[in-house]
Structures are given as C-alpha cells and as structure tokens.
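Peer 1: Quick one: structure below, then a few questions.
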Amino acid sequence: MYDRYQGLIFDMDGTILDTEPTHHQAWELVLARYGMRYDADAMTALNGSPTWRIAQHIIDSHQADIDPHQLAAEKTAIAESMLLDTVKPLPLIDVVKQYHGQRPMAVGTGSTHAMADKLLMQLGLHKYFDAIVGADDVTHHKPFPDTFLRCARLISVAPEHCLVFEDADYGIEAAKRANMAVIDVRTW
C-alpha cells in the first residue's frame, strides 16, 4: 500500500507507541505539586510539541510563575520512570515491521532523542529505524517542517518521496510544510 514512497517517517508518541496515557498521568502528578491541573482536551492541540512548550502553555493558562524548562524536566523525569514499565507498541508497528529492509525509515518525534532511543530499545524496535530525530535535534519544532526534513536527509530520501505517519495536527502541518505525503493515523 505504501510501495510508491521511497522513505517512511513515523511520529512516535500516539503513532507507533501508546505513550499518551502515561504522559497525561505524569503531567497530572507533577502539576499537583504546584496546585495546577492538566486539561487533557486542551493539551491535545499541542501534541507533538516539545515538553517545554506544553509546560509554557500550562503555566500561562494558570498564570503561574514557574520556569517552563524546570517544569518540563520534572514531568520528563516522572514520565521516563513510568514509560519504561508501561509503554506498548500500537498496531501501526506492523507497517514498520513489514517495510523493514524494504524502505529506509525514521522516527520524527517531539520527545527527546534519548527518550525515543530508550523506549524503542526497551521494546526491541530500535533496529527497525535508520534514523531518529528528537525535539532536541532541531531548533524549530512541529508545526515547522524541520523534524521531518532532517529525517529525510538522514535516510537520504527527497522530501517529496517520503510518507509521514502522524497523530497530531502540529505533525500533520509539519509534514505538509515539508512537502511530504502524510497519513493521519487517527483515521487509519
């Protein structure tokens, strides 16, 4: 079905790995320390963003005086300890396995590179990908195209010959800005 594309690029959280419930729980735990709440519905629009950007949005909505990078670091520490015990692959991983060795593939995620490495290694999935690009590997995050353009460069495929699998509006916009075909896995 995807044979006409020369390279496949996958978002990670919510696309190939079921990390969303754990991320939500980690936000709830860290925000409780500060008397703030996590509104999952409002945060859905920020899916694919780096953690510090989500932290900034939460801080702004609560009119709190907290460093967003510190809040993001606290959330990340909690999420990391929980994710390694709870994360499971989503059904789209079957596409990854099917195209392994047939097409170069990359992960382009709003998570840090180290976190993506840890999760994919934990599940024995790291070997399927030729490249991983995390939020800390680019200056401009989704909805900017930088993450996916870097993936394309690393797998040596022109952007117009890549297909991106995404579950977030920011990621879909980033793929389109990169001149790549995109599948919204929420409707897949």
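Peer 1: Please report the net charge: other residues with Cβ closer than 14 Å to the Cβ of Ala114, K and R +1, D and E -1.
Peer 2: Result for the local shell: -3.
Peer 1: What order, most packed first, do the peptides 131-143, 83-95 have when packing is the mean number of other Cβ atoms within 10 Å of each residue?
Peer 2: Peptide ranking by packing, descending: 131-143, 83-95.
Peer 1: Relative contact order for the chain using alpha-carbon pairs under 8 Å, separation at least 6, rounded to a whole percent?
Peer 2: Here the relative contact order equals 29 percent.
Peer 1: Moving on. Using only Cα atoms, what Kirkwood radius does the range 20-86 have, in angstroms? Walk me through the intermediate numbers first.
Peer 2: On the way: mean 1/r = 0.0848 Å⁻¹.
Kirkwood radius, the range 20-86: 11.8 Å.
Peer 1: Still on this structure, please answer the following. Residue by residue, what Karplus-based ³J(HN,Hα) values in Hz, rounded to whole numbers, does the range 13-24 have, using 6.51, -1.76 and 1.60 with θ = phi - 60° and x for Gly and Pro?
Peer 2: The phi angles translate into 5, x, 10, 10, 10, 8, 9, 4, x, 5, 4, 4 Hz.
Peer 1: In whole Hz, with x marking every Gly and Pro, tabulate ³J(HN,Hα) for the range 84-100 from phi via Karplus 6.51 cos²θ - 1.76 cosθ + 1.60, θ = phi - 60°.
Peer 2: 4, 9, 10, 5, 9, x, 9, x, 4, 4, 5, 5, 4, 5, 5, 8, 4
Peer 1: Further question on the same structure: Scan around Ile132 for amide H atoms under 5 Å from its own, H built in the peptide plane at 1.01 Å from N, and keep only partners 5 or more places away or cross-chain.
Peer 2: Val107
Peer 1: What number comes out for accessible area per residue over the chain if the probe is 1.4 Å? Units Å², please.
Peer 2: 47
Peer 1: Moving on to the next point. Once phi is turned into ³J(HN,Hα) by the Karplus curve 6.51 cos²θ - 1.76 cosθ + 1.60 with θ = phi - 60°, what whole-Hz value does each residue of the range 171-186 show in order, with x for glycine and proline?
Peer 2: In residue order, the calculated couplings are x, 5, 4, 4, 5, 5, 5, 7, 6, 10, 6, 9, 10, 7, 5, 5 Hz.
Peer 1: While we're here: Using square roots of five times the C-alpha gyration tensor eigenvalues, list the equivalent-ellipsoid semi-axes of the range 1-44 in whole Å, biggest first.
Peer 2: Numbers: eigenvalues 230, 17, 10 Å².
Largest first, the range 1-44 gives 34, 9, 7 Å.
Peer 1: Quote the relative contact order of the range 20-86 in percent (integer), defining contacts as alpha-carbon pairs under 8 Å separated by 6+ residues.
Peer 2: 41
Peer 1: If I compute solvent accessible area with a 1.4 Å probe over the protein chains, what percent of it on the chain is carbon and sulfur?
Peer 2: The C+S portion of the solvent-accessible surface of the chain is 49 percent.
Peer 1: List the residues, sorted by chain then number, that are 5 or more residues from Val164 or on another chain and whose placed amide H is less than 5 Å from its amide H.
Peer 2: Amide H neighbours of Val164: Ile9, Ala181, Val182, Ile183.
Peer 1: While we're here: As a check on your grasp of the helix formula, calculate [θ] at 222 nm for the chain: sum -39500 (n - 2.57) over DSSP H runs of n ≥ 4, divide by the residue count, round to the nearest 500.
Peer 2: Value at 222 nm, helices only: -13000 deg cm²/dmol.
Peer 1: Take the Cα gyration tensor of the range 22-137, multiply each eigenvalue by 5, square-root it, and list the three semi-axes largest first, rounded to whole angstrom.
Peer 2: Over the Cα atoms of the range 22-137, the ellipsoid semi-axes are 30, 14, 12 Å.
Peer 1: Rg/Rh for the range 124-176 to two decimals, with Rh computed the Kirkwood way over all alpha-carbon pairs.
Peer 2: We get a ratio of 0.95 for the range 124-176.
Peer 1: So, one more: Considering amide H positions built from the backbone, and no H for Pro or chain starts, which residues 5 or more places from Thr19, or on another chain, come under 5 Å of its amide H?
Peer 2: Gly14
The values are calculated or read from the model by the stated rules, or taken from the named source; none is laboratory data. No experiment lies behind these values; they were computed from the predicted model shown. Every residue, glycine as well, gets a Cβ built from its backbone with ideal geometry; the counts of neighbours run over all protein chains shown. These accessible areas exclude ligands, DNA and RNA; they are computed on the full protein's heavy atoms, side chains included. Shrake-Rupley method; radii C 1.70, N 1.55, O 1.52, S 1.80 Å.
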